[in-house]
Each structure stands twice: as structure tokens, then as C-alpha cells.
Amino acid sequence: MRIIFAITNLKNGGAERALIVFANQLAGMGEDVHIVCTEEEGNDYAVDERVTRHLIRLPDIRIPKVRGFCNILFSVLQIRKLAGDVIIPFYPPLLLDYGVRFRLAAIFSKTRVVYALRCGRERQLSAERDNWLYKLAYYSADRIWIQTPRQSKYFPASLQKKIFCVPNIIDSRFLEIPRTYTDKISRFISVGRIHPQKNQKMLLEAFADMIARTGNREATLTIYGKCAPEVYETELELRAYIRQHHLEERVFLAGRVTRIEEKYEQADAFVFSSDYEGCPNALMEAMAAGLPCVSTDCPTGPADLIENEKNGWLIPVGDVRALSEKMEYLTANPRAANRAGAAARERMREWGSAEEIAAKLLQYIRR
């Protein structure tokens, strides 16, 4: 089967990483897998040599109306030339920018279109159901791929039959990270790109509140993740907050690292402050690494992973004091924290192997 994944680019991000994991896995299973990008920039993840990559190249035309028409025509011809059995757009903007093009490319052919809902798009869907462009994109799809069962509630009844659920794949190497539990919880980490969605400002406020209330002199917080150029002011705001509250020796913005599993091994606990998510890779990895985890209870995602107070803790979205108090609880109750970390790792062991999850996706799209 020829499977074509489509995305803007392969820069750092959860959707990009999930796409490549699925593409690599399916290629390893003998499927003919292709990745189509609409931008040339970025390639932060390793793509299996058995996966064929393509870039949609558009003509340089200065007349706006002519350029728009030619862009659609050229992209449709290039996509159609690939003659895929299925096209899977993997990023929300593509639903508007390229959704019509994918559908046009599939007309009068065997190609089917499966839209992949990523990154908590349900938050926008509920507000945009009256947006005819989104309606056109989803109603024209042959199937809609969601990551968690909770996401289905954001679609109208007329689309429920099109929906299927396949979660993200957890890399087995995170389950193999050595974990030695100690009687001290002091090294907190968080992983995710610097972005307003991730709400790292709330995380800094909660950490500052925790050390101010408790007088904790040992706790540190390290945030791993790259900031996208379009939201660079977010990182500037975080750095300004760190300076203003004299946290330079306690809080670190460490950027993106290539071997994040080593950072999980060195940490004592994981904190996650997103306002919305799909099925968060970073939280899954931290749980697989056996870290006690505290996460905001986004509309979808974390609650599908964490059973509150058993294998982690959920706190309301945006609640600085609740996050601060949970971080304090972990430092004061290391044994309870360690038990939750061990239970989190067991939860991820039961999640399903990469082969099983990829096979489940393949089964759906073959239908």
C-alpha cells in the first residue's frame, strides 16, 4: 500500500515527530511510505531510508490571483502524480491550506484522504463548527484519525462514523531508561517547545511560588525545548521573568537536546503545564521513564494517560497554586512520588508496542 503523509515541514514539534515515527514504522513493515512537505526548511528527526520524501515546488508568479490558481494546480498535479492509496494530512493548517488540494488530487482516482487531528485541535473545532472551510475539510475526508476517544465528542453526530482512534507510539527506549528512586525530589524537568500553548509562564510562576512558600533551597527546574521564531517573544518573556525573580541559579531554559532520554534519567520529577494537547509525546515519555508526573488536565490527552493520584497527578489548566502545591507535595513525599513513577512506567508498558499501534493504523486505513 502506498501511504502518503503530508505536513508543513519536519521541524521540531510533536506532530512532526509522531508523523515520522509512524512513517518509519510502516516502512519497516514493508509499506510504500512517502512524506510530502509544503516547506523546505527543517529536518529535526531521523527519517528511515525506506521512506521517500517529496517537496511540493510551486512556480514563482508575482500576480496574486494567477499565483493562487497556479499554486493549486501545480500542487494538485504533484500530489496526484504520486498515485497514493491514501493521503494523510498531519497538521491542522493543512486542512485549510491544502485540504482542497488533497481532495482535488484524489478525485477520480483510488486515493483516499484521512485527516489526522493533532495537537488538541478540538479546542478550536468546538468554536469553529460554523466555519465552512473546516466543515468542508472534515466532511470531504474519507476518514478522520483521532488520538484519544475524548476527541470524538467535538465532532457532530454526522461525522462520528468517519472517526477512528489510534494513539501515539511510545518509543521503547524510554521504557529502558535506568531508574533509581531516591528519598529526595529536587530536580524537576519539563519538555516541550517554547510556545504559548505549553504555558511555561504558569510553570515558572508555580515553581517560584513553591520555593517562596516552602523556603526550598535545593529544587531546580529545567525546561527542554526549542522556541519557534514566530513566538520568540514567549522565550524573551520567560527569560525576563527568571531575571526579575532572581531564579537564574534555579531555573534553566536548556533548549532542544538530541538525547532527551538522558535528561529523563537524571531528573526526579516531570511537570507539564499545557493549556491543550492531543496525545502528548513528552508526557508519555516521562511516564515511560518512570518519573512521577504532574500535568494540567487538558480537555484531551493527559487524563487518558494519568489516573489521578495513582500513577501521577492532574491539576486544573492554568491553576498556578495547584501546580505549586503538587510540586511541594512531591518534594515532601518522595516515597509517594516514587510509587506513582513506578505505576506510570507500568501504564506505558501496557500501552502497546510500536508494531501493534502501527498495525492498528494500517488496519483502519486499509478499510
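Where a number appears in this text, it was derived from the coordinates with a stated rule and is not lab data. Source: prediction; values computed, not measured. Backbone-built Cβ (ideal geometry, glycine too); neighbour counts: all protein chains shown.
Scanning the chain for GluC sites (Glu not before Pro) lying in DSSP loops with no more than 15 further Cβ atoms inside 10 Å, the longest uninterrupted stretch between such sites is 50-127.
Cross-link reach is defined here as a Cα-Cα straight distance under 25 Å, omitting same-chain residues fewer than 8 places apart; for Lys226 the lysines meeting it are Lys11, Lys198, Lys201, Lys263. Comparing Arg62, Arg179, Arg103 in a Gaussian network model of the chain, where Cα atoms under 10 Å apart are tied by springs, the biggest mean-square fluctuation is seen for Arg62.
What you get for the chain, charging only the Cβ of Lys and Arg (+1) and of Asp and Glu (-1), is a dipole of about 1220 debye around the Cα centre. Counted residue by residue at 0.36 nm each, then reduced by the alpha carbon distance between them, the extension gain from Gln160 to Arg349 reaches 65.0 nm. Using the Cβ of Glu265 as centre and a radius below 12 Å, the other residues enclosed give a net charge of 0, where K and R count +1 and D and E count -1. All other residues whose Cβ lies under 14 angstrom from that of Thr331 are scored, Lys and Arg at +1 and Asp and Glu at -1, for a net of +1. If R0 is 30 Å, the Cβ-Cβ spacing of Lys360 and Leu77 corresponds to a FRET efficiency of close to 0.35.
Placing one identical point scatterer on every Cα of region 296-367 and ignoring solvent, what is log10 I(q)/I(0) from the Debye formula at q = 0.22 Å⁻¹? Each listed q maps to, in turn, -0.99. Where only DSSP H runs of four or more residues are counted, the chain gives -12500 deg cm²/dmol as its mean residue ellipticity at 222 nm, each run worth -39500 (n - 2.57). The phi torsions of region 241-253, fed into the Karplus equation with coefficients 6.51, -1.76 and 1.60 and a -60° offset, translate into couplings of 5, 4, 5, 4, 9, 6, 9, 4, 8, 10, 10, 9, 9 Hz, rounded to whole numbers, with Gly and Pro shown as x. Taken over region 172-349, the percentage of Cα pairs per 5 Å bin, counting from 0 up to the bin with the maximum distance, is 1, 9, 19, 23, 23, 16, 7, 2, 0. Measuring nothing but how far apart in sequence close Cα pairs (under 8 Å, 6+ apart) lie, relative to its length, region 172-349 scores a relative contact order of 28 percent. Karplus-based coupling profile of region 203-212, in residue order and whole Hz: 5, 5, 4, 5, 5, 4, 5, 4, 6, 5, with θ = phi - 60° in 6.51 cos²θ - 1.76 cosθ + 1.60 and x standing for Gly or Pro. Taking a sphere under 9 Å around the Cβ of Ala206 and counting the other residues whose Cβ falls inside, with K and R at +1 and D and E at -1, yields a net charge of -2. Note that region 230-235 has calculated 3J(HN,Hα) couplings of 6, 10, 4, 4, 5, 5 Hz, one per residue in order, obtained from phi through the Karplus relation 6.51 cos²θ - 1.76 cosθ + 1.60 (θ = phi - 60°); glycine and proline are x.
The P(r) of region 187-287 has a tail past 16 Å containing 55 percent of all C-alpha pairs.
Scan region 221-307 for trypsin sites (Lys or Arg not before Pro) in coil per DSSP, keeping those whose Cβ has at most 11 other Cβ atoms within 10 Å, and list them by number. Those satisfying the criteria are Arg259. D by Stokes-Einstein for the chain, Kirkwood Rh over Cα pairs, 37 °C, 0.692 mPa s: 152 µm²/s.
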